[in-house]
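The values are calculated or read from the model by the stated rules, or taken from the named source; none is laboratory data. All figures in this text were calculated on a predicted structure; none of them were measured in a lab. Quick reminder, even Gly has a Cβ in these numbers, built from the backbone with ideal geometry, and neighbours come from all protein chains shown. The area values use the complete protein model at the heavy-atom level, side chains included, leaving out ligands, DNA and RNA. Shrake-Rupley method; radii C 1.70, N 1.55, O 1.52, S 1.80 Å.
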Amino acid sequence: MPKPLCGWKQKDIEANFSELALIVDKSKCVCKKCARSANDKKYLCKPEKIVTKKSKLHKVKKEA
């Protein structure tokens, strides 16, 4: 299991910046504890899916 972004120290960020860029690209989740974002919940300690108004409307139209 990957280390949550909350646990990354400054040296981890500097040493793994390319990996970090991939993790946060097109973020789908945000951590409720520290507000970091990632494209997969496995990188966050208290993930919450990001839901936009557009996606809510799209879902309602599909169900109707």
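Summing charges over all other residues whose Cβ lies under 12 Å from the Cβ of Ile13, with Lys and Arg as +1 and Asp and Glu as -1, gives +1.
Among the protein heavy atoms, those of Ser18 account for about 90 Å² of accessible surface (1.4 Å probe, every chain in place). Taking 0.36 nm per residue of sequence separation and removing the Cα-Cα distance, the Lys49/Asp25 pair yields an extension gain of 7.2 nm. Within a straight-line Cα-Cα reach of under 14 Å, Lys49 can be paired with the following aspartates and glutamates, leaving aside sequence neighbours fewer than 8 residues apart in one chain: Asp40.
Heavy atoms only, probe 1.4 angstrom, no DNA, RNA or ligands counted: give me Cys45, Cys29 ranked by accessible area, highest first.
Result, largest first: Cys45, Cys29.
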